[in-house]
Every structure is written in structure tokens, then in C-alpha cells.
Amino acid sequence: MFNKLLEDIKISIKKSENIEEIEKIRIQYLGKKGILSNHMKKLKFLDVDKKKECSIILNHIKNKIIIIINQKKIFLKEKLLNQRILNEKIDISLPGRRIENGFLHPITHTINDIKHFFYQLGFTTIYGPEIEDEYHNFDALNIDKNHPARDSHDTFWFDSNRLLRTQTSSMQIRAMNQDHPPMRLLVPGKVYRNDYDITHTPMFHQIEGLIVDKNINFSHLKWIIYHFLYYFFDKNISIRFRPSYFPFTVLSAEVDVIDQNGVILEILGCGIVHPKVLQNVNIDSNVYSACAFGLGIERMTMIRYGISDIRSFFENDMRFLAQFKYI
Ligand code: DAH
């Protein structure tokens, strides 16, 4: 009778063609309520010797079934895999998918380059808020309410006090309020003005430089600016200091760069910090003096690489940006 059982199982396993069918057979024979368990349960009605004999046979059959089932499972899995390999052919002649490495935006490059120069002179970098208040952006910088300089800034106001900073010069005030001289600072960052054309975007970048110390005078400023511009533009340019006006500096200048074709480009504003500004931050202008400068990062980058439209920096056109991959 048990021989017949084993034969039946062998036949049905042989016939089965997938893992699900095998699983059904396993449950049918080896499951809790399966055929083999039923036989086991009946053993208790037999006498001791018979019981022992039958249980050995049943266990033997059980082990056999497990072996047969596992063998068939392995066979079916291999078959499945082979079929898949046959169906899913890999075309090794197809070109691979390239993983593009990221690279720095040209504006970031310029900022890093400028930092590199000024770090050698002992400057440190600080950052400040882009949402400013009227006091730091205008009042403390000696630009009072009716001052015409305010109009030229085309400010984005949130309310009567808060605004998007129009210049990194606001950080001169914050820095001098927080720290004591001597100090040499760089403040890179975004500034905002309501303007949009080939040379203006509503958001652009500046770097503010500030030195506060005893006996700082215009020759320090001039020396630094000259060396910096020669470093940045590789001496292919001439430099012109032009007298100018900023409410927060007295001795104010703008610096023009004249390129090889004789084209004149205004590149930065600078000057000796106005004593009133030092007073506003409780620095004694009889002991200390300060010089400052503010550079337009986009302008510098445009001149360096011959870019004609400032808007191209912010349009995320990879054909433009990718040109700066290896600089
Ligand atoms: N903040 C000025 C602007 O945005 C630039 C500037 C001029 C900064 C003179 C300075 C400075 O630090 O001394 O037009």
C-alpha cells in the first residue's frame, strides 16, 4: 500500500510543470491534514510492533518525498532561468548610459576664485540674510529716506520696513556691530533689484569687502584692488579709478576695466567708509578707519569669459553652463 503511495507521488511530481503545482502536491501529501499525516494518525490503532514498522516506512517515504520535491523545484527554477536568459537577450553593442558628473556654476567659480585671492591677504568670509530691514540696507549706511540713491536701487519691499537686500553693503553694518576691529571681511551673496534686461537680472551676486583697522587709507584700497584685478583678469586689462559718490563712503571711487579692444566696463564701487557709518556702529572714527568695496560677480564673469547676456547665467541651459565644466 505504501509503495503505491510513493509511486503516485512520483508520477504527479513528474507531471507537474511549475512551482505552484509542486507546492500543491507538497501540501496534499505533507501538509498538516495531508495524506501522510492521516496515515500517521491511524498508527495508534496498530499494535506496538506493527506501529514501529509502519512509522519507519512512513518516515522513509516522507524523506523521499521531500527530496523528490526539492529536486523538481531546483529543476523548474533552472528551466525558468534558462528561458529568461533566452528571451532577454542583452545587446552588448548598444552604447552605455553615461553618468554625467556635476560641475560648478560659473558664478560659484568666480566667487571661489575671488575668495582664494583674498584669503591670502587674511580675509575671512561671512554670510548674511537676504531679507533685510531698512536700517541695515539704507539708514545705517547713511542713505536716508529722501536720498536719491534709494530710487536707483529699485527695491523689492515686503512692507514698510522689510525688503530684499539691494546690496551686500548691509553686511558692513551687521559685521561691525558684531565684531571689533581689526577686521578683514568678504561677504558674497545674492542681492535683488527690480530690473530686467540684457545687463540686469532681478537677482544678482555681489561680494562686499571690508577692512577696518588703524590708519587704513585709500592707498591700501588701491593696492588691493589693483592686485586683485590683475590676478583675476591675467593682466590683459588696464584699470581706471574714477571719482564717484556713495553715501556710505567719503572718498568714493568706481573702478573701470578697459579690455584689449578699448571697451570700458564699470566693475566695482569702493571707498573709505564714511565716519558717520562708523559712528552708527559705535566705532571711534578718530582711532579706526575703514575701506570697503563691492564687486558685481556677474559683471566680472561676463568680462572674463566674453558673455554678452547676463540672463544666460540663470536660464539653466546646459549648452551654456557646460562650457564652464573644465575651467
Ligand atoms: N553697494 C554698492 C552698490 O551696490 C557698491 C559699493 C560701493 C560697495 C562702494 C562698497 C563701497 O562697499 O564702498 O552699488
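The values are calculated or read from the model by the stated rules, or taken from the named source; none is laboratory data. None of the values given here were measured: they were computed from a predicted structure. Every residue, glycine as well, gets a Cβ built from its backbone with ideal geometry; the counts of neighbours run over all protein chains shown. For the accessible areas, the whole protein counts, side chains as well, though only heavy atoms, and no ligand, DNA or RNA atoms are used. Shrake-Rupley method; radii C 1.70, N 1.55, O 1.52, S 1.80 Å.
Numerical summary
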{"quantity": "Residue check, residue 245 within 16 Å of the ligand (Cβ to nearest atom), in the same structural domain as residue 110 (by TED's automatic domain parsing) and open to solvent by 20 Å² or more (accessible area, probe 1.4 Å)", "calculated": "yes"}
{"quantity": "Residue satisfying condition, being open to solvent by 90 Å² or more (accessible area, probe 1.4 Å) and under 30 Å from residue 322 (Cβ atoms), within set 130, 100", "calculated": "100"}
{"quantity": "Inter-residue pairs, beta-carbon under 8 Å, first not assigned by TED's automatic domain parsing to the domain that holds residue 110 and in region 306-327, second of a type in the set (Asp, Glu), 6+ apart", "calculated": "none"}
{"quantity": "In region 177-192, the residues that are over 21 Å from residue 203 (Cα atoms) and either outside any helix (DSSP H, G or I) or within 12 Å of the ligand (Cβ to nearest atom) (or both)", "calculated": "179, 180, 181, 182, 183, 184, 185"}
{"quantity": "Unmet criterion (only one of (1) over 20 Å from residue 292 (Cβ atoms); (2) acidic (Asp, Glu); (3) not in a helix (DSSP H, G or I)) for residue 144", "calculated": "(1)"}
{"quantity": "Filtered residues of region 156-174 (kept if open to solvent by less than 30 Å² (accessible area, probe 1.4 Å) and not in a strand (DSSP E or B))", "calculated": "165, 166, 167, 168, 169, 170, 171, 172, 173"}
{"quantity": "Hits in region 288-327 (condition: in contact with a strand residue (DSSP E or B) (Cβ under 7 Å, 6 or more places away or on another chain) and open to solvent by 30 Å² or more (accessible area, probe 1.4 Å))", "calculated": "288, 299, 303"}
{"quantity": "Meets criteria (within 20 Å of residue 175 (Cα to Cα), out of contact with any Gly (no Cβ under 7 Å at 6 or more places or on another chain), within 12 Å of the ligand (Cβ to nearest atom) and open to solvent by 20 Å² or more (accessible area, probe 1.4 Å)) for residue 272", "calculated": "yes"}
{"quantity": "From the options 187, 191, residue that is under 18 Å from residue 211 (Cβ atoms) and modelled with pLDDT of 95 or more", "calculated": "187"}
{"quantity": "Hits in region 210-238 (condition: outside any helix (DSSP H, G or I), within 16 Å of the ligand (Cβ to nearest atom) and open to solvent by less than 40 Å² (accessible area, probe 1.4 Å))", "calculated": "210, 211, 212, 216"}
{"quantity": "Test: residue in region 81-96 that is among the charged types (D, E, K, R), open to solvent by less than 90 Å² (accessible area, probe 1.4 Å) and part of a loop (DSSP other than H, G, I, E, B)", "calculated": "yes"}
